[in-house]
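The values are calculated or read from the model by the stated rules, or taken from the named source; none is laboratory data. This structure is a prediction, so every number in the text was calculated from the model and none was measured. No Cβ is skipped: glycine too gets one built from the backbone with ideal geometry, and neighbour counts run over all protein chains shown. Surface accessibility is based on the protein's heavy atoms, side chains included, excluding ligands, DNA and RNA. Shrake-Rupley method; radii C 1.70, N 1.55, O 1.52, S 1.80 Å.
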Amino acid sequence: MKFPLRIYGEVHGLDPDKRDVLSGLPETIFHIHPDRIEVEYEGSWLDIDHYLDVLAAALSEHGQGHVDYLDHDNWEIRRYRLQPGTWTCKRIDPDNVLEPLLKE
């Protein structure tokens with residue numbers, strides 16, 4: 001079965017003093033390890049912005065990560081980059097996602 005939405009990524013550099021902000025994250029999506037968080041989700045629509053805020057708030061000074069959001073219904077890919085306290089989003093055209101790699 002094709003899921004309308006796939007989300008996956010990895011976050012490194014958690015601040016041990018800020019781990020309490022992670023307590024509200026769904027364990028079925030966010031797999032918290034001592035040194036990283038793995039993100040995996042397949043299903044229907046999910047508002048990811050709140051979760052990105054939580055992840056960014058838990059990062060140490062040199063922490064970082066990424067989360068990819070593949071929306072099959074709207075044929076869109078979003079790459080979220082996380083840094084301490086903030087995140088950015090870049091939209092990627094799924095039809096040309098490999099084109100930059102082929103030019104190398």
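Taken over the range 34-89, the criterion of being outside any strand (DSSP E or B), under 16 Å from Val21 (Cα atoms) and of a type in the set (Ser, Thr, Tyr) is satisfied by Tyr51 alone. Pairing residues of the range 79-93 that are touching a residue at least 60 places away in the same chain (Cβ under 8 Å) with residues that are basic (Lys, Arg) and part of a strand (DSSP E or B), at Cβ distances under 9 Å and at least 6 apart in sequence or on separate chains, gives Tyr80/Lys90. In this entry, Tyr80 passes the filter for residues that are open to solvent by less than 40 Å² (accessible area, probe 1.4 Å), in contact with a helix residue (DSSP H, G or I) (Cβ under 7 Å, 6 or more places away or on another chain) and of a type in the set (Phe, Trp, Tyr).
Residues in the range 1-33 that are in a loop (DSSP other than H, G, I, E, B) and farther than 24 Å from Glu61 by Cα: Met1, Lys2, Phe3, Pro4, Pro26, Glu27, Thr28, Ile29. Checking each residue in the range 42-69 for being within 11 Å of Arg6 (Cα to Cα) and surrounded by 18 or more Cβ atoms within 10 Å (Cβ to Cβ) picks out Val67, Tyr69.
Across the range 45-57, the number of residues qualifying as under 11 Å from Val11 (Cβ atoms) and touching a Pro at 6+ places or on another chain (Cβ under 9 Å) comes to 2. If you filter the range 1-41 down to residues that are modelled with pLDDT of 95 or more and among the acidic types (Asp, Glu), you find that the one that is most open to solvent (accessible area, probe 1.4 Å) is Glu40.
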